[in-house]
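Taking it in order: structure first as structure tokens, then the write-up.
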Amino acid sequence: MTLAHRPNRVLITGVSNPLGAEVARRLAPEVPVLFGCDIADPVSALEEMDFVHADTRHTAISKLIRRLKIDTVVHLAVLVDSPHDSRAIHETDVIGSMNVLVGCAGPSSPVRRLIVKSSQAVYGASPTDPSFFSEEMAFADRPASSITADLIELEQLVGEFALRNQTCGVTVLRLGFRLSDDTTLARYLSLPIVPTFAGFDPRLQFLHEDDAAEAIVRATLGEHPGVFNVGGAGIVLLSQAIGVMGGRAAPVLLPYGRWLAQLELRALARLDVPGHLADVIAFGSVMDGSKLESEFGWKPRRSSKEVMEGLARGKEVEVVEMPSPPQEYELQVYLQRRRRGERNGARSLAAHE
Amino acid sequence: MIGETTAQERKRRSKKAEIVQPRPGLRLPKQVRRLQRRAPMYALQGLNELAVRLKQVTGHDVIDLNRVMGFVQFLYKQQELAQRGADYAVDDFGFDAQWTESFLSAFMVLYRDYWRVETTGVENVPAHGRALLVANHAGVLPWDGTMIKTAVFAEHSHPRHVRALVASMFLGMPVLSWFLRRTGQTVGHPDDTRRLLERDELVLVFPEGVRGTGKNFKDRYRLRRFGRGGFVSTAIRSRAPIIPVSVVGSEEIYPMMADLAPVAKFFGLPYFPITPFWPWLGPAGLIPLPSKWRIQFHPPVHVEEHPVEAADDQSLVMELADEIRDTIQEGIYDNLRMRRGVFL
């Protein structure tokens, strides 16, 4: 059993997406040294964070983890709802995570805590499923969509890693579907006329962006190994959601063959709905969050209904950081250089100023 | 938060007062509009007078005004429900109690007038707390479930909603999936049963499943295998008593002569029945026959007195399952004897 571990040098992968940026902002005052890496520039400069251009799909990331003497990795570079094609998503989710795990593995590795972002999509959605997914119900025999398959593979890799490396506490957070920053589900529900499956009214569950970030921060700062569902309390029926959004349901999708429904959605609403979401709007997906509540002593503050109403009010679009002009990145590089300079004995110079 | 809003935001939130203007086009005279408004009232008054006259002539009630009023109430409730918008409460399983209760009068007509259900032992159903109702399953379509639900809600001193477990196949079908969930049914998964019982609900389970509904008419009132006794283990784990329920009459609503298995396979159904009326008469063949029904609720079997570990003891579980099956089978024979005829 590991001793109580205090995160000292933290690396956040996928820090440039809005969730990663929010997690970094919340972690910055809590940890001594914070690194962030991504392939894209961060949307905003965070003075306390060192940004590194690194792609998790290359093995360099594992060297980076050892070189920087990282002791806590927050792995958020996991694509779930993304416009990329399934091959690119597989590369990032499975190969990228594998590289990160290689960096964390072995007795030589300084990593003592690993937090991995997963998604509700890992459960898929089908009529044979129970009404509530608890943590042990993932790993369907035949995953219905490529994202579900990727996430299952990712979680299996993480599970094997956790078994082999007992010194490293591993937390997997299955985040619920979020309705902010232009997710496919939010765009779908915001349509004026929403094509729904004829004769289906599924139960949906949503998670607020703040609660998602808060769960990740709590997992990073606390000692909570295991797999956890993170979802808002309660449910919203699809018909209710459409009513709250002020749209109209058009029951035109046929429940025979998912590709047909996807084709119809593309033709009628110009919306590319990934396979797992097409299943969700047909059969619904709700997670049981009781394990999170008992282990963390905390649960998402906003219920599914409140998240829904937030989207309807348009307040959800409240951007955490405005997209910054290009010079922001230069500024950040300058700030980093200055801090590194301070560490390298130039402190006296700064003190005299 | 109050007072922090900006003038701009307040302006955005405020709603303009709507000025209601008369609809353009032809407007009927005032007298006609008043008559339109009062038409339902006049119709009821006329019906009332007709009922009184008929009673004077024939000597007994031809038109039951209570039922007429029940029907009017039903329509009124449906109209009210249609106006409540998107903001209504459903529980975590998607159950809408208000909506379900609005259908009660429709099911009461079937219960009281069509199948003339006689219910005994409804006092064995607890007024509070959890219990697992276990019933025999018959009749091609699951009308027996609706009648058990109606019986508990209408006859019990504390009306309660029964939450039935249905085969997952039906939750994959259009309309049915939506209707079943909305009226409180959920998928027959041990985890769902446990969750419902932990919320102190009444849960109805048909251990025979489609083996019961899809059986031939010549096998009527012979119980099929009771699953693998899973319902007993779930009840023991959830500390819930089991109440056996015998239903008589459901076998005769659709006398199934044969099962066209290839057709069933093509449509993805568990069976495709051939009855004297289906599929020969088209949709009219779906009308169930007006058999005479009896429902008996047996005294509870207190399986929760066994320790939780007993749920894994397969021999005890099967023994209890057999005991419950025998109780239901004997109840069926008793009630068949008490029934004067199939349609009487």
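Can you work out which of the residues in segment A:116-155 that are touching a Gly at 6+ places or on another chain (Cβ under 9 Å), buried (at least 21 other Cβ atoms within 10 Å of the Cβ) and of a type in the set (V, I, T) is farthest from the other protein chains (Cβ to nearest Cβ)?
My answer is A:I147.
Quick one: which helices (runs of 4 or more DSSP H) lie wholly within segment A:31-106 and hold at least 3 residues that are modelled with pLDDT of 90 or more and either among the β-branched types (V, I, T) or closer than 30 Å to A:R6 by Cβ (or both)?
A:60-67, A:97-104
Test each condition in (1) touching a Cys at 6+ places or on another chain (Cβ under 9 Å); (2) farther than 25 Å from A:L154 by Cα; (3) not acidic (D, E) for A:G14 and report the one that comes out false.
Here A:G14 meets the rest and fails (2).
Of the numbered conditions (1) buried (at least 24 other Cβ atoms within 10 Å of the Cβ); (2) under 17 Å from the mean Cα position of the chain (by Cα); (3) among the small types (G, A, S), A:G103 fails exactly one; give the number of that condition.
If we test A:G103 against (1) buried (at least 24 other Cβ atoms within 10 Å of the Cβ); (2) under 17 Å from the mean Cα position of the chain (by Cα); (3) among the small types (G, A, S), just (2) comes out false.
Would you call B:H298 within 22 Å of B:S238 (Cα to Cα) and at pLDDT 95 or above?
Here the answer is yes, as B:H298 does meet what is asked.
Please go through segment A:68-114 and give me each residue that is among the small types (G, A, S) and closer than 20 Å to A:E223 by Cα, ordered by number.
Answer for segment A:68-114, where residues must be among the small types (G, A, S) and closer than 20 Å to A:E223 by Cα: A:A105, A:S109.
Any residue that is part of a helix (DSSP H, G or I) and under 22 Å from B:W143 (Cα atoms) - is there at least one of those in segment B:288-306?
No: segment B:288-306 contains no residue that is part of a helix (DSSP H, G or I) and under 22 Å from B:W143 (Cα atoms).
Of everything in segment A:279-289, what is within 10 Å of chain B (Cβ to nearest Cβ) and surrounded by 21 or more Cβ atoms within 10 Å (Cβ to Cβ)? Give them in sequence order.
Scanning segment A:279-289 gives A:A282, A:F283, A:G284, A:V286.
For segment A:163-209, name all the residues that are in a loop (DSSP other than H, G, I, E, B) and closer than 13 Å to A:A241 by Cα.
Matches in segment A:163-209: A:L179, A:S190, A:L191, A:P192, A:D201, A:P202, A:Q205.
Check B:R225 against each of (1) of a type outside the set (V, I, T); (2) closer than 25 Å to B:R163 by Cβ; (3) surrounded by 14 or more Cβ atoms within 10 Å (Cβ to Cβ) and name the one condition it does not meet.
Among (1) of a type outside the set (V, I, T); (2) closer than 25 Å to B:R163 by Cβ; (3) surrounded by 14 or more Cβ atoms within 10 Å (Cβ to Cβ), the lone unmet condition for B:R225 is (3).
Can you pull out every residue in segment A:149-167 that is in contact (Cβ under 8 Å) with a residue 40 or more places away in the chain, out of contact with any Asp or Glu (no Cβ under 9 Å at 6 or more places or on another chain) and under 20 Å from A:I95 (Cβ atoms)?
Hits for segment A:149-167 are A:E155, A:L157, A:V158, A:F161, A:A162, A:R164, A:N165.
Looking only at segment B:186-200, count every residue that is more than 7 Å from chain A (Cβ to nearest Cβ) and either at pLDDT 95 or above or over 20 Å from B:M147 (Cα atoms) (or both) and tell me the total.
8
Among the residues of segment A:110-145, which ones are among the charged types (D, E, K, R) and in contact with a Lys or Arg (Cβ under 7 Å, 6 or more places away or on another chain)?
Across segment A:110-145, the qualifying residue is only A:E135.
When you go through B:V263, B:V247 one by one, which is the residue that is of a type in the set (A, V, I, L, M, F, W, C) and in contact (Cβ under 8 Å) with a residue 60 or more places away in the chain?
So the residue among B:V263, B:V247 that is of a type in the set (A, V, I, L, M, F, W, C) and in contact (Cβ under 8 Å) with a residue 60 or more places away in the chain is B:V247.
Here is a yes/no grid of residues against (1) more than 10 Å from chain B (Cβ to nearest Cβ); (2) charged (D, E, K, R); (3) part of a loop (DSSP other than H, G, I, E, B):
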residue: A:G232; (1), (2), (3): yes, no, yes
residue: A:V244; (1), (2), (3): no, no, no
residue: A:L265; (1), (2), (3): yes, no, no
residue: A:V273; (1), (2), (3): yes, no, yes
residue: A:L277; (1), (2), (3): yes, no, no
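How about segment B:268-284: which of its residues are surrounded by 10 or more Cβ atoms within 10 Å (Cβ to Cβ) and more than 17 Å from B:P142 (Cβ to Cβ)?
B:G268, B:I274, B:P276, B:F277, B:P279, B:W280, B:L281
So, in segment A:81-95, of the ones that are surrounded by fewer than 24 Cβ atoms within 10 Å (Cβ to Cβ) and touching a residue at least 60 places away in the same chain (Cβ under 8 Å), which residue ends up nearest to the chain's Cα centre (by Cα)?
A:D81
When only residues in segment A:295-314 that are part of a loop (DSSP other than H, G, I, E, B) and either of a type outside the set (S, T, N, Q) or modelled with pLDDT under 90 (or both) count, which is surrounded by the most Cβ atoms within 10 Å (Cβ to Cβ)?
A:P300
Among the numbered conditions (1) assigned to a helix (DSSP H, G or I); (2) crowded, with 19+ Cβ neighbours inside 10 Å; (3) more than 14 Å from chain A (Cβ to nearest Cβ), tell me where B:P207 comes up short.
Of (1) assigned to a helix (DSSP H, G or I); (2) crowded, with 19+ Cβ neighbours inside 10 Å; (3) more than 14 Å from chain A (Cβ to nearest Cβ), only one is false for B:P207: (1).
The values are calculated or read from the model by the stated rules, or taken from the named source; none is laboratory data. Nothing here was measured: the structure is a model prediction, and the numbers come from that model. All Cβ positions, even for glycine, are placed from backbone atoms using ideal geometry, and neighbour counts span all protein chains on display.
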